[in-house]
Every structure is written in structure tokens, then in C-alpha cells.
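Bear in mind that the values in this text are calculations on the coordinates, not laboratory data. Computed from a predicted structure; not experimentally measured. Cβ sites come from the backbone with ideal geometry, for glycine too, and all protein chains shown count toward neighbours.
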Amino acid sequence: MRTFVGMLAALALAVGVLVPVTISADLQPAAAASAAEFDPGYIISDENFYAGSAMTEGEIQSFLNAKSNGCASGYTCLKDYRVNTYTRSADAMCSSYSGAGNESAARVIAKVATACGINPRVLLVTLEKEQGLVSTRIASTSKYDRAMGYACPDTADCDTAFFGFYNQVYKSAWQFKRYANPPGTNKTYTWYPVGATTNVAYHPNAACGSSPVRIRNAATAALYYYTPYQPNASALANLYGTGDACGAYGNRNFWRMYTDWFGSTVAPRYGSLDSATGVYKGIQIGGWSIDPATTASSYIWVNIDGQGGPYVANKPLGWFNTLFPGYGANHGFSETIPASVGDHEVCVYGTLGVLACKWVTVPYGNGSVDTATGTWGGVALTGWAVDHATTAPAYIWVNVDGVGGAHLAAGELPWINSYFPGAGSNHGFSVTVPAAPGPREVCVYGVYGTRSQLISCSNVVVPRGTGALDSVVPVTGGVVASGWSADYTSPASSFIWVNVDGVGGPFRTNTAKTWLPNLLPGIGVNNGFDVKVPAKKGAHQVCVYGAVSLLRCETVTVAKAADGHVDSIEAVAGGVRLRGWSVDLTTSAPSWLWVNFNGTGGPYKADAPLSWFDRYYPGSGPNHGFDITIPKPPGNYEVCVHGTEELLRCERVTVS
């Protein structure tokens, strides 16, 4: 690894790799490091080094925003840097990393820290000590390619196979874990054994010598594997500058920067800043602190951007006396401290020193998308947005698939002023944003002054149509389906599809619904339907589909699907004459009769025209009568006439 940190660009060119990073005016320490506290055998505790969740993505971004000195023209600083990442499988060192496009540097750092279990503060400090990337105004491609100094030995150029910001951050965190020889790996790294004393060099030049160091923990050993030199007396004597020709600064700068930015690398656990969160017009902090010299509740001091005051840590914590027997329970703190909107450094000090420093963003505004629903012509959105700098209504910006516009959030919501005292109540929104049918990504941003802040994104399907099946009623010969269906691509009228027992066909909407344009502006009135579908006698499943999808299925029972009447059965010369009518009401085609003589018979068509018939059964046509003479020899007969569904009549006759 590159064991000495590059300096500011001009110094690096002039002096070379053995020059310490000089801290800028904008990076002055929250708690200045003292060389007397540097222990080469215990540079950082394992608890701090392997705390993968020590900072959230938002806290990392706020930290980068605050530490940035601005970007020179033509360069992209770390706070604004984005990169496409790819997925890496889990192994003994790190859990899997899910790649994504256009990830911010803060997100990459947070995801790598979580995957590999390395404190994001360790990664931030390493980025600064290796390439000055946190603070530099000239963030060159070369710096990003070598961001963590991974695979950059002092005796050769960097290995280009590991170039790239994402590659550097991931591989360095992976390597930090590998140094501990975790389960599932070989015992490769053994020359800085934990708990033993080992000679550690001062400089790559062997003539500069070494001294014995008892390495007390795995994290300190990892730092020596990564950068195998300790600072000599001259490097420690000028903690923020340079020492003599044998000075080496990698591990010194790591310790100094971590202490300056985040507090002690090995602070004893006499307190903890468990949370620091930006809230409405302030910062909410929580944690605990004790003075080991007394059981009484102690005070903490809270600085926001270097200015602060005392608060008493006296909130009861049920678990506390178990962890610290005899001290009682009243050592917790939970405070909300007023602060302006924007990024702030929050440092909390206990009796024995700094507990932690965190970067927190007090929100410029807050908002919520309560509903996002695909509807006629677009996406209907409801929610609220509050700009904390004013009581006036805020705007929201809505993007549909990346394209959008502004909408005023001025609806009356009485509860808002209770939730955000002094903000007023006119901050609700209920808007329909135009969008074509199909799946859409909808992102809503709160616009707070000159800033926009993502509220939420959601995937919404804008329907091609909608509708309702109001009823399915069995009638003689079928079922009548009633309701409405609108196809947004055909506003005047549309089609439905009706299945009876899985078999069906299309029907055009044929009924005026005068109220429909009020429900769906732009849709015509003629999108109702009241259609009869033929169905045989018995139980049937009826399913009606609208323009896009199923409206509803219903099971109904048709009591009668055919009708008929035998007007007369009479014996005539040479046979039997039958007169009447018979109809299958599921079709307009002529139906068949079955005529039995003494139990034996055959089919006969009922197709004689009857002028009155279509008025009796509209849509059935006229051809359903019969007047037939069936030849029979002399004798006695029981004549039975069957229609489509049932026996119409039986009668005894004698053919002479």
C-alpha cells in the first residue's frame, strides 16, 4: 500500500510522498489531537475500527458537504462524485454488494462499510490521508483511481487493475477485514501478531531503524499491514507538519485526522452519542454519559458548529445499572437543540472528553406522499410539504419518468401546525399529473427555497381504462350484464368482453351514462353497457372484462333458456298433424323438436315463419313455428312433443 500520504497538489510535486497532509482552515479539528496521546500499539480500538454502521449515508453526505473546500473549475469534488457500481458476491470478508447506477460517493462508502464491517469514518480518513479527496478542490481522475492507496506500494507504481473509486473503497475495506484472518481464510497475516511485541520500522529506508511495539488489537495490526511504519519522534513533535528525513506519516495522519474529525480513536466507554438526527428547526440527540467518580447524574456539553452549552444526563435507562452496577439508572440524555436548516457538526462531550462528533442535516423542509394512484389520464397524488424557512405554502416538483413540473402545496391540513408549530396549516396537495397509460416512475420533490429534496419515488401503473360490473341478472335464455367501461384510448365508446363458462365474445358499450364525464372528464357518455348474452338453462360463471382487465366474475343460474307450445295434436288421414312453435332462446336460428310415438321417435325442425314471434321474443327472429304431418299407419298412439329443454305436450290419438 502507499504508506505516505500525498499532500496538497503543489507540495506533493515539490516534496514527494513523505510529506504529511497539511490541514486547511476549513478542516480545523473538533477536538485537536495531542501527540502525547498517540500510542503506536493501540492506534484505534477494534470497537471503532469495525463499526460498519457508525454513520448513515446521510451523515456521510453531510460530512462531505461540510468538509469540502469547493471544487476548482472542471473538477468534481467527492461530495458531488457519482459512479456506476457493480454487484459483488459475499465472501469471508464482506457480505454481498448490490451494484447500481449513478451512486453517490456517500452511498458507496456507506454500502461498503455495511458490507465489510469497516467504520465509514475509517474509510473517510483513509481517503483523506491517501489522496486528500475529502477536502481537495482539484479532485483529478488520478486521485479517484488511487483513492484509498490500495495496491499502491511505496516501491512501485499502483496496480491499474484496482483503479477506480468504487474498486479502491471496496478492496481496501475488504483488505482491512482480510488482515484479521477471519474464519474461512488462511492464517496469512501473522507478522504483526496481536498481543505480542514486534519491531515496527520508522521509514522505508532501513537505516532509519525501528523500535519494538506491543500491538494490542486487530485494528492496529490492520493499519500496520496496510501502512507498515510508525511515526518517529520528529513526526510526532510536529503533529501537523513534517519531521526529519526519517519521518513517516501514514499512521500518524490516520490517527490525527480521525481524532480531529471524530474524537478519540480509543475513548473509554463512559458515554455514547447513540443518535443525532436533524428534526424540525433543530437537532435531536440521544445517548448516555456518566462521571465514573460519582453515582450522581452528570452533565454533558453539546457543541453545534463549535458553540454550545450544558445539558444534564439524567434520563432513566432501565439497563444502565446492570452495565454499571451501583450507578443507578439516571444517566441518559435526550435533547432537541435549536439549529438552523442545513448541515451542522454536532459534538457531545462527557466528563472525560468527547463522546462523538456527527454531521447532521437539519431538514430544509419535510413532506410526505400519502397516496400515488394511477387514474384516468395520469397519476393522482396526495400528501403535504412544508418549507421550514417560511409559513407560506411550498411547491412540490413531480417527475413522471424523469419529466415534470411544479405544483403548489397549499391545501388546508389543520394538523400540520400541531406537528410543525408555527408553520401554519396550508401545506397539503392533491394533484393529478398527466401521464400516458402504462407503468410509470413517479418522484415527488419538496422545493424549499432554492433547494429541492426528494420526498419519495414510487412505481405506479396508469391504467388504460377502468370500469365496473354493476350486475349480472339471469333472464330467459341468457344473462344480462350491466355496468360501465371506459377505454382511455377510445373516449367515445369502447368494447367489453363477456365470457360465459370461459367462452365469449366482444360487445360494444351501448348505454348512455350521463354521470360518467363528471367522474372521468373527457370520457363520453356512451360507455355504459346493458348486454344480453345467451346461456343455457343452469348455473353459469359470467366474467366481464373491461378495456384492460377483469371487472368481475359472478355465478348465476338461468332458470329457462327455451320455450314452446303445442297448439294441436290431431289424427289425419295417413298420419298425425302437429302445430305450434318452439324456440331455443340462446340463438335466433330455428330449433328442433323431438316427437315420440309410443316412446319411439325422431327430430323435426321448427322453422316455419310466424310474423308475431319476434315481438314476443325480441331478437329471436320469426322462424320458429311448426305445422307438420307425420305419416303413421292406422292405430292408437301416444304422441309426445319435446322442445329444446322440456316436454311440451303428450296426447293420445287414433289414426284410422
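Over 22 Å, how big is the tail of the calculated P(r) for region 465-558, in percent of all Cα pairs? List each step's numbers first, then the result.
Working: 1037 of 4371 pairs.
It works out to 24 percent of all Cα pairs.
The share of alpha-carbon pairs in the chain lying farther apart than 34 Å comes to 64%.
Convex hull over the alpha-carbon atoms of region 9-262: what's its volume per residue in Å³? Let's see the in-between values first.
On the way: hull volume 32.2 nm³, N = 254.
About 127 Å³ per residue, rounded to a whole number.
Straight-line cross-link reach from residue 358 at under 24 Å between alpha-carbon atoms covers these lysines, not counting any fewer than eight positions away in the same chain: 67, 79, 111, 129, 281, 315.
When the chain is described by a simple charge dipole with +1 on each Lys and Arg Cβ and -1 on each Asp and Glu Cβ, the residue from 210, 34, 424 located farthest towards its positive end is 210.
Computed over the alpha-carbon pairs of region 135-245, the distance histogram in 10 Å steps reads 13, 33, 38, 16, 1 percent, short to long.
Taken over the C-alpha atoms, region 401-537 has Rg and Dmax values of 22.1, 71 angstrom. Select from 524, 445, 414 the residue farthest towards the positive end of the dipole of the chain; place +1 on Cβ of Lys and Arg, -1 on Cβ of Asp and Glu, and compute about the Cα centre. Selected residue: 445.
Report, please, the projected area of region 365-462 averaged over directions, based on the convex hull of its C-alpha atoms, in nm².
Numbers: hull surface 22.0 nm².
The Cα convex hull of region 365-462, projected and averaged over all directions, gives 5.5 nm².
Each of the peptides 231-238, 128-135 was scored by the mean count of other Cβ atoms within 10 Å over its residues; in descending order, highest first, they stand as 128-135, 231-238. Over all pairs of different C-alpha atoms, region 287-399 has a mean inverse distance whose reciprocal, the Kirkwood radius, equals 17.5 Å.
What value, in deg cm²/dmol to 500, does the helix sum -39500 (n - 2.57) over DSSP H runs of n ≥ 4 give at 222 nm once divided by the residues of the chain?
Mean residue ellipticity at 222 nm (helix-derived): -4500 deg cm²/dmol.
Between 285, 327, 351, whose Cα lies farthest towards the positive end of the dipole of region 271-362 when Lys and Arg beta carbons carry +1 and Asp and Glu beta carbons carry -1, centred on the Cα centre? Value: 327.
With +1 on each Lys and Arg Cβ and -1 on each Asp and Glu Cβ, how big is the dipole of the chain about its Cα centre, in debye rounded to the nearest 20?
On the way: 41 positive and 45 negative charges, 138 e Å.
In debye, rounded to 20, the chain gives about 660.
Peptide packing for 635-643, 620-628 was compared via the average number of neighbouring C-beta atoms within 10 Å per residue; ordered from the highest value, the list is 620-628, 635-643. Region 562-655 gives an Rg/Rh value of 1.00, both radii derived from C-alpha positions and Rh following Kirkwood. Computed on the Cα atoms alone, the convex hull of region 59-162 gives a volume of 111 cubic angstrom per residue.
This model, with +1 at the C-beta of Lys and Arg and -1 at the C-beta of Asp and Glu, gives region 107-166 a dipole about its Cα centre of some 380 debye. Taking all Cα-Cα distances within region 79-124, those exceeding 12 Å account for 59%.
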